[in-house]
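Notes follow the structure.
The values are calculated or read from the model by the stated rules, or taken from the named source; none is laboratory data. Computed from a predicted model, the values in this text were never measured in an experiment. With ideal geometry, Cβ positions are generated from the backbone for all residues, glycine too; neighbour counts draw on all protein chains shown. Ligands, DNA and RNA are stripped out before the accessible areas are found, and what is left, the full protein with its side chains, is counted by its heavy atoms. Shrake-Rupley method; radii C 1.70, N 1.55, O 1.52, S 1.80 Å.
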Amino acid sequence: MSLSAKPYLQRISMRDDAVIDFDSYPYHIPAVRELDALEFHADVTFFVGENGAGKSTVLEAIAMALGYGQEGGTKNVAHRTTESVSSLHQNLRLSKSFKKPRDGYFLRAESFFNIATYMDEVGYAGGYGGSLHARSHGESFMALLLNKLEGNGLYLMDEPEAALSPNRQLAALSAIHQLVQDGSQFIIATHSPILLSYPHAKIYQFDGSGITETSYEDTEHFAVTRDFLNNYPKRLEQLLADEE
Ligand SMILES: Nc1ncnc2c1ncn2[C@@H]1O[C@H](COP(=O)(O)OP(=O)(O)OP(=O)(O)O)[C@@H](O)[C@H]1O
Ligand SMILES: [Mg+2]
């Protein structure tokens, strides 16, 4: 039996000595309150769930525990913000592979623009194939995926689909697969029924009862999207009906 380098991040769990106030953020969120331990897939782990279910909170805590700034970027980026950040990262125990990833990135759709500005300011833009500001949001993201990420990496992404057309989401799926084959691991919070279809993956559903593993076709994202596209005239009639 040979030891495998992936997953670089194998598992997170709550520290036994964690100091927790269940009445306030982030521990009042069911997914965080019930967070005991999570095992990650060697290739891709998805976080799905309703808005506000706690996906970004958990992803951000993992990123901070790994040494990223809360705005994201590479580990060299310690971009300051005024945003408050939860203490969850201090209460997490991370189980890692014997082998460290050679590359890494924490992508937050909300602050990608700030990171692009920072990269321009410090003259790092070369690694992205030119200034990200001279491109559209989606073009910037594809430039990051295709030019900046080198493989053998651990990549955290929060709603990477935010900028992408359906066609570009398909291209992103293929780029992610290429990086996976080049020794990379991803943890991705997403609402995209396209990205979620990636087969070499584990899907964690965040909801009122905590975090549970699910399968692609059992996600609401798959079911609701398929139902709507197959029946949209009828669904629209129901949704837009005047209340009598
Ligand atoms: N800094 C903060 N202080 C207090 N509450 C917060 C903070 N950040 C987020 N919350 C709350 O915590 C809950 C979980 O937020 P989070 O951003 O993790 O959700 P999410 O699952 O990523 O949702 P979405 O799909 O909309 O991105 C929400 O109710 C949110 O209002
Ligand atoms: Mg979020």
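Summary of values
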quantity	calculated
Computed [θ] at 222 nm, helices only, for the chain once each DSSP H run of length n ≥ 4 contributes -39500 (n - 2.57)	-8000 deg cm²/dmol
Of Lys100/Lys202; Lys75/Lys202; Lys75/Lys99; Lys99/Lys148; Lys55/Lys234; Lys55/Lys99, those spanning more than 23 Å from alpha-carbon to alpha-carbon	Lys75/Lys202; Lys55/Lys234; Lys55/Lys99
Percent carbon-and-sulfur accessible area, the chain, ignoring ligands, DNA and RNA, probe 1.4 Å	48 percent
Phe186 long-range amide H proximity, modeled H, under 5 Å	Val44, Thr45, Tyr155
For Asp103, residues with placed amide H under 5 Å, excluding near neighbours	Gly153, Leu154
Rule-of-thumb Rg ratio for the chain [Cα; 2.2 N^0.38 Å; N residues]	1.05
Under Karplus coefficients 6.51, -1.76 and 1.60, residue-wise ³J(HN,Hα) of the range 20-26 in Hz, glycine/proline x	10, 10, 6, 8, 10, 4, x
Total charge dipole magnitude, the range 9-239, about the Cα centre, Cβ charges on Lys, Arg, Asp, Glu only, Debye to nearest 20	640 debye
Length-normalised contact order of the chain in % [C-alpha pairs under 8 Å, at least 6 apart]	25 percent
